Structures are given as structure tokens and as C-alpha cells.
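S.K.: Below are the C-alpha cells for one structure; questions will follow.
The values are calculated or read from the model by the stated rules, or taken from the named source; none is laboratory data. What you see is a predicted model; the values in this text were computed from it and never measured. For neighbour counting, all protein chains shown are included, and Cβ atoms are generated from backbone atoms with ideal geometry for every residue, glycine included. We work out accessible area using only protein heavy atoms, side chains counted, and drop any ligands, DNA or RNA first. Shrake-Rupley method; radii C 1.70, N 1.55, O 1.52, S 1.80 Å.
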Amino acid sequence: MRLGAVLPLAVFALIGVLLWSGIGKDPKVLPSVLVGRSAPEFSAPELRDPNLTHSKASLSGEPYLINVFASWCPSCRVEHPVLERYAREGKIRLVGLNWKDERADALAWLQRFGDPYEEIVYDPDGRIGIDFGVTAAPESFVISADGAILYKHIGPLTPEDMETKVLPLLAGKTTP
Amino acid sequence: MTNLPERMGARDPGLGTRDSMAGPRGSMLRGARRSLGALFVSLALVLLAFAAPLAAIEPLEFKDRAEEQRYQKLLRELRCLQCQNQSLADSDANVAGGLRQEIHRQMQAGKSDEEIKAFLVDRYGEFVLYRPEVKGGTMLLWFGPFVILALGGAALLVHLRRRAAAAPAAPAPASASNRSEEDW
């Protein structure tokens, strides 16, 4: 008799806790399997100079932020001034990954909105994007000096994201 | 028949006209014309329904039908990461198109389904699989519903047993067979 009264309440509480813990979680935010692993190997031309080739090795040596962008991506415009400001102030080493874009469109886009990138890896068919687990632009990764992925950011970067997440990671790796 | 379109336009203003207003012959004729028109419209709609998926198919080459079916089956088991409730086969998202090409390329290179899935899980995580592997973290997902079903069934059984045991002592005047039916 006692159990009969307590059991429904217990089940209710259990389900309540289970559902409560799900409230506020964004199903779009997926844990990246790549964080903590070594960045994928790649070899691709520079967007602004097809004769130049970038690879994981050629970019390594100093930690950097690699930013996936495209001229067709509206959210990239939103974060662009933020990236530009931090790059101009010398706070970040910014590398671009121009993803699924046309060279001419990308160059025109940079001309119009400014070009804060130190290097830009050109990935027109999105193969490098697949290796980085990119689902949509913009996405950004913090890569350590020895080529490990320290952090993945999905969506536009805000000044707050830069201050709280990106900069500490970049700084943490420059001082040995 | 040659003046049919003109007549339809001039004398038949459309759905508002009621057949009961015309003579029996006119009504029949008009009915026939109308059903012919309806037939064409529905035929056009049916054809239109096929047009959309045809437009979405990318020009990929397969060496035979079996390979193409394997490709389609594999796509249905993989989730599009951007439109999360669509499979890679359904999604028009940019990333899905790229992944379809990649899967096709790997199939051409002789990779097995398992290898291709492992490739994607390696980059996008378990979430890409519509049927996650049976292991520690997914046990609840796979067997939770059965556990709940078993618990509910057990609770129901215990409840019914108790009632059946309590029933003979009850002072109700109804016969035993009637009572067992009432239990349900």
C-alpha cells in the first residue's frame, strides 16, 4: 500500500528530472569529436595566389584561429568586423578557410568587407571542410602551435567569444 | 470538339455553374468536359510531384543498379548535420551535397559501408548515424523503451493478481465469471 503511493511520485520525479535537464539545451550544438585531436592534414592553394600552397605543416609553428567562411554566407558578414578588429589589433593570428566558394566571388567579398586574413586556404569543393567536420559556415577552430585542435566554435564569433574562449587558448599556447 | 476551349471560356464560367440549371443533355456534356478537365489537372499534379525529386538528383555514375541501391540505402542511414531531422538522402543543405559526393567517391574507391560510416563518425561524431551503435552510452536509447514496457507489464500483472486474490473475499453479489470480465 505504501509502495503504491510512493512509486508514482518517484516515477514522476524521475521523468521530471530527466526532462528538466533537457530544457535549454540547444540540439544544434554537437560535441565536436575533433577537439583535443590533431588537426587534419591538408594541402591546398592560397585563395589570393594560386601558386602558393598551404598545408598543416606550413601553417604550424604558432597557434592560430582558422575561420571557415564563404562569400555566400550571411552570418560570415556578421562576424567579419569582429575578426577584423582582433586581427588588426594583433591579438590573433587569423587564417581563413574559404569553403565551397568561387575564387572570384571570395576575392570580391574580401575587397568589399576587408581582408583580415594572414593566409587563406582555398577549399572550393569542401573536402578540407569534411576533414574538419564542418557542417555550415561560419565555424572557427583554435589550432595550437603543434597542430592540435583546441576549440571549435560553431556560428559567428562575438567579441565575448573572442575574449572568453579564443584569446585565452591562443595566449596559453604562445607562452611555453 | 474544335470549339471546346472557346465554349469553356465563354459559357462555362467555372465551378459556380450548377449542372441542374441545364437540360439533361447539356448537363451530361458539361459533366464529361468537366471530368476530362479534372483528369488533366490531376495528371499534371501527379507529374509535378515527380518533377521535384528528379531535379534534386545529382548526376552521379554507378557501375550497376546494385551499387546505386547500396548508395541510396547508405544515405538514408546517415543524418544531415545541418538539417538534423533529415537524412543525407533527403537534405538539400550544402554540407549534405558535399557529403553525398564524398560518399560516392569513396564507394568508387572500393570502400565498404562500414569504412564510410567510420570515416564520417570520425569527423562528425556518432550523431551522424541514424542507428547508433549498441554500446554503453546508447544502451538506454536502445533498450530503455523495452525496460519501461517490462516494468509497466510487471506492475499491471502484480495489480491484476492482487485484485484477483482480493475478489473472492469481496461481498459483491455478481458471479465469478462476470467479475473477471469487469476487471477489464
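S.K.: Taking only the stretch A:130-140 into account, find how many residues are of a type in the set (A, V, I, L, M) and assigned to a helix (DSSP H, G or I). Show your work before the answer.
M.R.: So the first thing to find is which residues in the stretch A:130-140 are of a type in the set (A, V, I, L, M), and the list is A:130, A:134, A:136-137.
From what's left, assigned to a helix (DSSP H, G or I): A:130.
Total satisfying the criteria: 1.
S.K.: Still on this model: Tell me, which residue of the stretch A:7-63 that is in contact with a strand residue (DSSP E or B) (Cβ under 9 Å, 6 or more places away or on another chain) and of a type in the set (Lys, Arg) is least open to solvent (accessible area, probe 1.4 Å)?
M.R.: Among them, the one singled out is A:Lys56.
S.K.: Restricting the search to the stretch A:116-129, which residues are within 14 Å of another protein chain (Cβ to nearest Cβ), open to solvent by less than 10 Å² (accessible area, probe 1.4 Å) and outside any loop (DSSP other than H, G, I, E, B)?
M.R.: Hits for the stretch A:116-129 are A:Asp123, A:Gly129.
S.K.: Scan (1) in a loop (DSSP other than H, G, I, E, B); (2) within 14 Å of chain B (Cβ to nearest Cβ) for the single condition A:Cys76 breaks and write down its number.
M.R.: For A:Cys76, the exception is condition (1).
Table: residues versus (1) more than 10 Å from the chain's Cα centre (by Cα); (2) within 14 Å of chain B (Cβ to nearest Cβ); (3) of a type in the set (Gly, Ala, Ser).
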{"position": "A:Gly114", "(1), (2), (3)": "yes, no, yes"}
{"position": "A:Ala137", "(1), (2), (3)": "no, yes, yes"}
{"position": "A:Val142", "(1), (2), (3)": "no, no, no"}
{"position": "A:Glu160", "(1), (2), (3)": "yes, no, no"}
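S.K.: Could you tell me which of the residues B:Leu81, B:Leu74 is touching a residue at least 24 places away in the same chain (Cβ under 8 Å) and within 14 Å of another protein chain (Cβ to nearest Cβ)?
M.R.: B:Leu81
S.K.: Being without any contact (Cβ under 8 Å) to a residue 60 or more places away in the chain, within 14 Å of chain B (Cβ to nearest Cβ) and assigned to a strand (DSSP E or B) narrows it down to one residue among A:Leu97, A:Leu7; which is it?
M.R.: Working: A:Leu7 fails: assigned to a strand (DSSP E or B).
That would be A:Leu97, the only listed residue that is without any contact (Cβ under 8 Å) to a residue 60 or more places away in the chain, within 14 Å of chain B (Cβ to nearest Cβ) and assigned to a strand (DSSP E or B).
S.K.: Still on this structure, I have one more. Considering only residues of the stretch B:93-121 that are open to solvent by 70 Å² or more (accessible area, probe 1.4 Å) and assigned to a helix (DSSP H, G or I), which is farthest from the other protein chains (Cβ to nearest Cβ)?
M.R.: Selected residue: B:Glu114.
S.K.: Could we say that A:Asn67 is more than 13 Å from chain B (Cβ to nearest Cβ), in a strand (DSSP E or B), more than 24 Å from B:Val128 (Cβ to Cβ) and touching a residue at least 24 places away in the same chain (Cβ under 8 Å) here?
M.R.: no
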